[in-house]
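A short reminder: the numbers here are calculations on the coordinates, not readings from a lab. Bear in mind that the values here come from a model prediction, so they are computed numbers and not experimental data. Every residue, glycine among them, receives a Cβ derived from its backbone with ideal geometry; neighbour counts consider all protein chains shown.
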Amino acid sequence: MWDEPSAQETLRRLEARLEQASGAAERLIAEAAETISGRTEQAPPGGGEDLLRDLAERLRDLIPPDLQRSLADALHELLLALKALVEWCLERLERQRAAPVEVRDIPID
């Protein structure tokens, strides 16, 4: 198990990195908003996609490589869990369809 002081220090460092990334992301979003508001009504050459792609790349570059790998692994696990959930729901629906439906006559007086 983790030794308590080193675990707390690791969490403090991670929190500091996330705060730095958050601050940088806020600055980039503000910069992007200024860029977009300064443009005319014409659509940008890339349809806005270039700006979003550039923003995403800048944000990605702010995250340390080891944290990027951790996030990618976590996202991979999340997607696998989501896939398993969807498959489970589909199997359950198929079983419900395959089950015979009980029909009863209701007497009308």
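Shown for I108, I29: other C-beta atoms within 10 Å of each C-beta, ranked fewest to most, produce the order I108, I29. Across the range 66-74, computed HN-Hα scalar couplings (Karplus, 6.51 cos²θ - 1.76 cosθ + 1.60, θ = phi - 60°) run 5, 6, 4, 5, 4, 5, 5, 5, 5 Hz from first to last residue, x flagging Gly and Pro.
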